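Here is the structure we will look at.
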Amino acid sequence: MTKKLLILGGQGFIGSHLVASALQKKYQVTVLSLRQKGFSIPIPRAEHIEILTANATRTKELQQALQDKSFNYVINCSGYIDHTLYKDGGRSVIDQHFTVLMNLVECLNRETLEGFVQIGSSDEYGNTPAPQVESQQESPISPYSLGKVAATHFLQMLHRTESFPAVIVRIFLTYGPGQDNRRFLPQIIQGCLQDKSFPTSAGEQLRDFCYIHDIAEGVFKALEAPKAKGEIVNLASGKGVSIRSMIEAICRMTKKGKPEFGKISYRTGENMALYANIEKAQKLLGWYPVISIEEGLKNTIRYYQQQLKE
């Protein structure tokens with residue numbers, strides 16, 4: 001039986017890896033993006049993917065793109081990580097993560113829908129104490145995290161009142177090949193590979209680093225897990241690792257780089273300890289991360305070494 005899957009944001013970093021994994025798992029894949037920009041990694045059998053374009057903040061445009069289409073499964077990883085303050089344009093960030101979701105729910109054919117995964121964020125926890133567990137009350141500290149929290153509560157309401165088959169997976173600091181060069185680890189890796197001096201914070205923050213292939217596996221387990229419907233599930237390594245130790249590991253592996261610790265201030269309201277309790281993912285999904293930080297970093301460094309040669 002054909003399993004039809006729609007992935008919003010399927011040409012971004014996480015979305016591209018989900019597309020690649022979905023093809024391996026024999027899903028029939030449709031991608032919806034704001035614009036056609038190519039995938040962030042090479043996709044074998046890419047010719048089998050249907051690509052739709054629409055600005056999903058506009059209901060009519062989204063309706064037109066999805067007209068006469070039906071899907072068994074949907075993964076929503078649309079929108080970007082953006083820590084813009086509300087006074088500086090944060091309303092548009094909320095729209096990317098909440099308005100888009102409401103529009104999507106309104107435009108989907110629910111009669112065929114069996115599973116829906118919303119890609120949430122560890123930022124939803126704000127400054128709550130670590131290890132963050134799904135039962136903690138959220139404490140958003142930006143329009144981005146507020147948009148994600150609003151999306152979480154909206155989907156849980158729909159599950160309670162309309163049996164909408166949603167699962168919210170809260171991912172922590174995901175990394176791997178194909179990530180945007182402006183993100184933390186790609187910046188550090190490229191700075192080291194080019195043997196540059198580069199400013200960083202003091203690096204005392206504890207973060208939960210999880211390799212993209214592990215995250216993709218968790219997402220697909222959540223997509224088809226009956227017990228997870230209506231639930232929030234952390235996807236992460238379950239270990240707190242300091243930013244400084246990650247930078248030092250990359251310097252050690254590349255044998256290059258001159259980090260200038262303490263040159264960048266911490267973000268206002270930044271949580272200094274953000275790492276997950278993953279017992280719920282283990283119980284509901286039977287999911288465990290299997291890629292070590294050392295292996296994940298080696299794979300990621302190898303990817304950026306190749307990028308710099310091209």
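Side notes on the structure shown:
- Test: Asp95 is of a type in the set (D, E, K, R) and under 25 Å from Asn277 (Cα atoms): no
- Of all residues in the range 292-304, at least one satisfies being at pLDDT 95 or above and assigned to a loop (DSSP other than H, G, I, E, B).
- Restricting attention to the range 120-148, the residues that are surrounded by fewer than 22 Cβ atoms within 10 Å (Cβ to Cβ) and in a helix (DSSP H, G or I) add up to 1.
Rundown of residues vs (1) touching a residue at least 24 places away in the same chain (Cβ under 8 Å); (2) open to solvent by less than 10 Å² (accessible area, probe 1.4 Å); (3) more than 22 Å from the chain's Cα centre (by Cα), yes/no style:
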residue: Ser201; (1), (2), (3): yes, no, yes
residue: Glu204; (1), (2), (3): yes, no, yes
residue: Arg207; (1), (2), (3): yes, no, no
residue: Glu217; (1), (2), (3): yes, no, no
residue: Gly238; (1), (2), (3): yes, no, no
residue: Val241; (1), (2), (3): yes, no, no
residue: Ile247; (1), (2), (3): yes, yes, no
residue: Gly257; (1), (2), (3): yes, no, yes
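- Of all residues making up the range 140-189, the number that are polar (S, T, N, Q), on the phi < 0 side of the Ramachandran plot and out of contact with any strand residue (DSSP E or B) (no Cβ under 9 Å at 6 or more places or on another chain): 4
- Test: Leu23 is in contact (Cβ under 8 Å) with a residue 40 or more places away in the chain and either closer than 18 Å to Tyr73 by Cβ or touching a Ser or Thr at 6+ places or on another chain (Cβ under 9 Å) (or both): no
- Subset tally (residues that are under 21 Å from Val169 (Cβ atoms), of a type outside the set (Val, Ile, Thr) and in a helix (DSSP H, G or I)) for the range 101-116: 5
- Per the conditions (1) hydrophobic (A, V, I, L, M, F, W, C); (2) under 21 Å from Ala65 (Cβ atoms); (3) open to solvent by 60 Å² or more (accessible area, probe 1.4 Å), the sole criterion not satisfied by Met1 is (2).
- Residues satisfying the stated conditions in the range 266-287, i.e. more than 18 Å from Arg244 (Cβ to Cβ) and at pLDDT below 95: Thr268, Gly269
The values are calculated or read from the model by the stated rules, or taken from the named source; none is laboratory data. Everything numeric here is computed off the predicted structure, so don't read it as measured data. FYI the Cβ positions are ideal-geometry reconstructions off the backbone, even for glycines, and counts take in every protein chain you see. The area values use the complete protein model at the heavy-atom level, side chains included, leaving out ligands, DNA and RNA. Shrake-Rupley method; radii C 1.70, N 1.55, O 1.52, S 1.80 Å.
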